[in-house]
Each structure stands twice: as C-alpha cells, then as structure tokens.
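In what follows, a structure is listed as structure tokens, so that the remarks can point back to it.
The values are calculated or read from the model by the stated rules, or taken from the named source; none is laboratory data. Quick caveat: nothing in here was measured; it's all calculated off a predicted structure. Here Cβ is always computed from backbone atoms with ideal geometry, including for glycine, and neighbour counts include all displayed protein chains. These accessible areas exclude ligands, DNA and RNA; they are computed on the full protein's heavy atoms, side chains included. Shrake-Rupley method; radii C 1.70, N 1.55, O 1.52, S 1.80 Å.
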Amino acid sequence: MKTYQLAILATLGTASACMAQTTGVQCVADKTVFHQDSDNAQGPIASAGSIVAYTSGSDTLNLYDVSDLANPVLLSSTPGLSSNFIYWPPRLDMTESLVASSDYFEGVNLIDISDPANPSLHSSIPASNVSFVSISGDHLVVYANSQIEVYDISDPANPTLLDSINDPSNETGMIVIGTTICIADRDAGLRLFDFSDPSNIT
C-alpha cells in the first residue's frame, strides 16, 4: 500500500500558503512546517483555531490538534465521513465545531466536531458534481452541477436550501468573503455573486 506525505499547518492567525501535490499538501507559514505521513492523503485541507482537518483513504476524516506545532496530536481518524475519490478529491471547509466535506458524486456531509476526538455526521446534502464548498457564518455555499446553492446551516442537522442560481461558467475555484461569492472562470475571469439576502442570490 502506497503512503503519501502530508504537510499540515494551522494558520493560527498567520498567513499561510498551501499547495496540493501528487504526494499530498505542502503548507508554509512563518517558516514553520511539519509533516505527517498518511495513507492515501488527499489534497484538500482546512483549519479552524488549532484544529486541522484533511482526508485520506477509506473516506477517512483526520483531525489534528496543532496548538503545539512541534508536537501535533492526532485527535481522530474516522472512516466514512468524507470521500477519497482520487480524480475529484473532497473539498473541505470548517469552523471550530463543524466540517463541511464534499463528495463529487454524492453531495456534502456536515460533520459535528464539537468533540474532535469523536466526530459524527450531522446530515448529508445530496448533490452531484460538487466542485467547491464554503462555510460563511450560518450559511453553506455549494458549487455543484453548474449551480451556486446557499443553505441555512444554523441547525446543521437540518440544512435548508435558501436559493440557487445557475452559473454555467468554466469554474476553477471558489472563495466566499462575507456575503460575496467569488468564482474563478477559466474562460471569462472573475465572477462575483452577492447573497446578503440569502434567499436572493444576485
């Protein structure tokens, strides 16, 4: 069984740079880097506070406490909470109590990490062709099947679709800043969407 190397770094209020590679992820901030060997590590990685999340083989979600960067501690490694489909690896975003992890073919899992040693599934949002996910406050933004969808996740066990809008761009990236959705379009540049009224994406 081939083992890949994954580099993990908690941002901890500092700027960081991460680059996905065939061997995992390399992250650097303030010249501090640490590495963790992992079976079938995937590229996507997320952090909130001192907790870092990444995915590996058998749909496994891995959570590390990196409050002491010299001595990272594996808190949990839970199969079945994510996806490890190599051609479309899962997208991750997180808060200190919630992880959103996508499966390209099946949708998005909302995972309770309020006890990071024992993460559990809150709910699943069915979707196909999921490219990106992002948590913004009580809202989850999903890019799937050429549509932008905004969900109310104030109760993550019962996510509610508030609005969706068609976006047939050749998207290559998405980031959410406040209530602005930024889409990188390979053919047409940057596209911006506003969801300050989450029931009316414009």
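Calculate, for S114 and S154, the FRET efficiency according to 1/(1 + (r/R0)^6) with r their C-beta to C-beta distance and R0 22 Å; round to the nearest 0.05. After rounding to 0.05, the efficiency reads 0.90. Each residue was assigned an accessible area with a 1.4 Å probe, and for M174 the value is about 30 Å². Which of rounded, prolate or oblate describes region 51-202 when judged by the alpha-carbon gyration tensor and an a/c cut-off of 1.5? Since a/c reaches 1.5 and a/b is larger than b/c, the shape of region 51-202 is classed as prolate.
Given their separation in residues at 0.36 nm each and the Cα-Cα distance between them, V73 and F105 gain 8.4 nm when the chain is fully extended.
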